[in-house]
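Since the structure comes first, as structure tokens, the remarks are kept for the end.
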Amino acid sequence: MKVKRYNYPAQFGDQLDSLASKIAKMLSNGQYVLSQQVLDFESRFAQYLGIKHALGVNSGTDALLLSMMALDIGPGDEVITQANTFHATVAAICLCGAKPVLVDVTEDAFQMDPGQLADAVTPRTRAIIPVHLYGYPAPLRQVQSVAQSHSLDIIEDAAQAHGALLDQRRVGTHGRVGCFSFHPSKNLAAAGDGGAIATNDDELAKRITQLRSLGQASQNNHVRVGLNSKLDAIQAAVLQTKLPYLDKWNEQRRHVARLYHERLAELPIGLQQGENLNDSVYHLFQLRTAKRDALLDHLRQHDVDAVTRYPVPIHLQPAFAGHGWKPGQFPIAEQLASQLLCLPIRPDMPVAEVDFVAEKVRVFFEGN
Ligand SMILES: *Cc1c(COP(=O)(O)O)cnc(C)c1O
């Protein structure tokens with residue numbers, strides 16, 4: 001048996017032919033940029049999230065960058081995020097000219113440690129970026145209380161958590177802005193790059209709309225220096241086709257995760273825990289062990305497509321060497337980077353595949 005991490009054809013189901021003919025029409029009509037297709041998807045996604053504005057952009061990275069540009073965050077400002085996130089969160093802070101400030105994460109949930117936030121705030125801090133990492137909702141209530149007492153904006157990085165609910169509201173709609181990625185690996189995936197920014201703030205939405213179109217307020221009237229970063233019309237059609245299935249897929253991911261929890265119980269491993277666990281949409285299923293590298297080899301030898309996300313924490317990435325962060329500075333993030341491994345998790349994953357993976361993990365620990 002071969003256990004894959006992705007099954008793209010399964011995401012189209014019986015919609016592939018109708019999508020292909022829709023795309024064929026779009027190719028002929030020539031409305032490639034910010035067409036009706038994009039506007040339709042933006043309004044459906046906003047409706048799904050329960051928010052006023054969802055603006056399509058080129059990627060999740062650009063969603064973060066444009067959000068900070070729209071909030072006038074730049075040189076001299078600091079933005080706090082967590083040491084175990086994907087590279088893009090911190091790259092976006094650097095790209096807008098601000099200084100990234102890191103906090104460590106919690107042992108149980110692998111999420112931003114809100115207890116460390118207050119100490120990280122300085123007079124230059126403008127915003128906090130909690131990341132709903134692996135699909136698990138960040139501890140937003142605690143983050144909000146720190147943000148409120150220091151008048152900071154919250155920019156949610158929801159790139160891995162489309163559809164997750166926290167306190168009856170979708171993640172990505174709790175902060176001033178929420179940022180989504182539609183990279184093919186994500187829970188809601190385009191057939192290429194794509195992203196979106198969610199906000200209830202009309203003024204901010206207007207600025208983001210200008211900033212994604214080279215700062216144009218109207219044709220040839222550029223009132224700001226912006227990016228050229230729009231959601232592609234063809235990607236909007238792909239996303240429109242998939243959006244109605246997102247809740248079902250997230251439920252199927254949760255089901256696979258429950259099976260893993262059952263099948264792997266009593267093994268000497270750690271699994272993501274904590275109070276928001278039942279709200280996770282399991283973008284990734286993480287298993288923690290000090291024998292990570294050996295287990296990874298073992299699983300790959302048995303055709304199980306396990307991977308590590310992310311093996312080098314932010315503070316030790318060469319790209320950020322100029323920030324002066326040191327090994328040992330964020331010990332939990334560092335340990336997780338060397339001990340976490342992702343087991344395959346897909347909405348369409350049959351129980352037999354879950355059993356196969358769990359059995360291979362069990363055999364590994366019996367022999368080691
Ligand atoms: C994928 C991802 C991003 C960036 O999204 P892209 O669309 O790949 O640019 C940002 N943050 C997190 C946590 C991600 O997983």
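If R₀ is 22 angstrom, what is the calculated FRET efficiency for the pair N7 and Y32, using the beta carbon separation as r and rounding to 0.05?
Result of the calculation: an efficiency of 0.15.
Return a single number: how many Lys pairs in the chain, at a sequence separation of 8 or more or on separate chains, have alpha-carbon atoms below 17 angstrom apart.
10
Could you work out how much longer the chain between R141 and Q216 gets when fully extended? Use 0.36 nm per residue separation minus the Cα distance between them, nm to one decimal.
My answer for the length gained is 23.4 nm.
At q = 0.14, 0.17, 0.18 Å⁻¹, what is the log10 ratio I(q)/I(0) for the range 99-239, with the Debye formula run over Cα points and no solvent?
Each listed q maps to, in turn, -0.75, -1.04, -1.12.
Given all pairs of different Cα atoms, what value in angstroms does the Kirkwood hydrodynamic radius of the chain take?
That comes to 21.2 Å for the chain.
Quote the Stokes-Einstein diffusion coefficient, in whole µm² s⁻¹, for the range 1-52, based on the Kirkwood radius over alpha carbon pairs, a temperature of 10 °C and a viscosity of 1.306 mPa s.
Values: Rh = 13.7 Å.
Calculated translational D: 116 µm²/s.
Take every DSSP beta bridge whose two residues both sit in the range 79-214, then give the antiparallel share in percent to the nearest 5.
35 percent
Just how far, in whole angstrom, is the range 313-339 from the range 228-303 if you go by their alpha carbon centroids?
24 Å
Taking a quarter of the surface of the convex hull around the Cα atoms of the range 231-328, what do you get in nm²? Intermediate values should be presented prior to the final figure.
Numbers: hull surface 41.8 nm².
The orientation-averaged projected area of the Cα hull of the range 231-328 comes to 10.5 nm².
Which percent, nearest 5, of DSSP beta bridges in the chain are antiparallel? Write down the numbers at each step before the final one.
Numbers: 23 of 38 bridges.
Percent antiparallel among DSSP bridges in the chain is about 60.
Please name which of Y310, V363, L343 has its Cα lying farthest along the dipole of the range 300-368 towards the positive end, using unit charges on Cβ (Lys, Arg +1; Asp, Glu -1) and the Cα centre as origin.
About the Cα centre, the residue reaching furthest to the positive side is Y310.
Give the long-range amide H neighbours of L188: residues separated by 5 or more places, or on another chain, with amide H under 5 Å away, using H modelled in the peptide plane at 1.01 Å from N.
Amide H neighbours of L188, under 5 Å, 5+ apart: H162.
From the alpha carbon gyration tensor of the range 78-119, can you work out the equivalent ellipsoid semi-axes (sqrt of 5 times each eigenvalue) and give them in Å, largest to smallest?
20, 12, 5
Ordered by residue, what ³J(HN,Hα) values in Hz, to whole numbers, does the range 314-326 give under the Karplus form 6.51 cos²θ - 1.76 cosθ + 1.60, where θ = phi - 60° and Gly and Pro are x?
3, 6, 10, 6, x, 4, 10, 4, x, 8, x, 6, 10
On a full-extension model of 0.36 nm per residue, what is the gain between L39 and V225, subtracting their alpha-carbon distance, rounded to one decimal in nm?
Gain on extension, L39 to V225, equals 64.6 nm.
At 0.36 nm per residue, and after removing the present C-alpha to C-alpha distance, how many nm does the segment from D293 to E203 gain when stretched out fully? Don't skip to the answer; put the middle values down first.
Details: separation 90, 0.36 × 90 = 32.40 nm, distance 4.88 nm.
Net length gain for the segment: 27.5 nm.
Under 8 Å for C-alpha pairs, at least 6 residues apart: give me the relative contact order for the chain, rounded to a whole percent.
Values: 741 pairs, mean separation 79.3, N = 368.
Result for the chain is 22 percent.
Would you please put 31-38, 281-288 in order of how densely packed they are, using the mean number of other Cβ atoms within 10 angstrom per residue and starting with the highest? Spell out each step's value before the answer.
Values: 31-38: 16.9, 281-288: 22.8.
By packing density, highest mean first, the sequence is 281-288, 31-38.
Using only Cα positions of the range 169-255, each an equal point scatterer, no hydration layer, compute I(q)/I(0) via Debye at q = 0.22 Å⁻¹ and quote the log10 values to two decimals.
With one equal scatterer per Cα and no solvent, log10 I(q)/I(0) is -1.15.
Since every read-out is calculated from the coordinates, none of them should be taken as a lab result. Because the structure is predicted, anything quoted here is derived from the model rather than measured. Cβ: placed from backbone, ideal geometry, glycine included. Neighbour counts: every protein chain shown.
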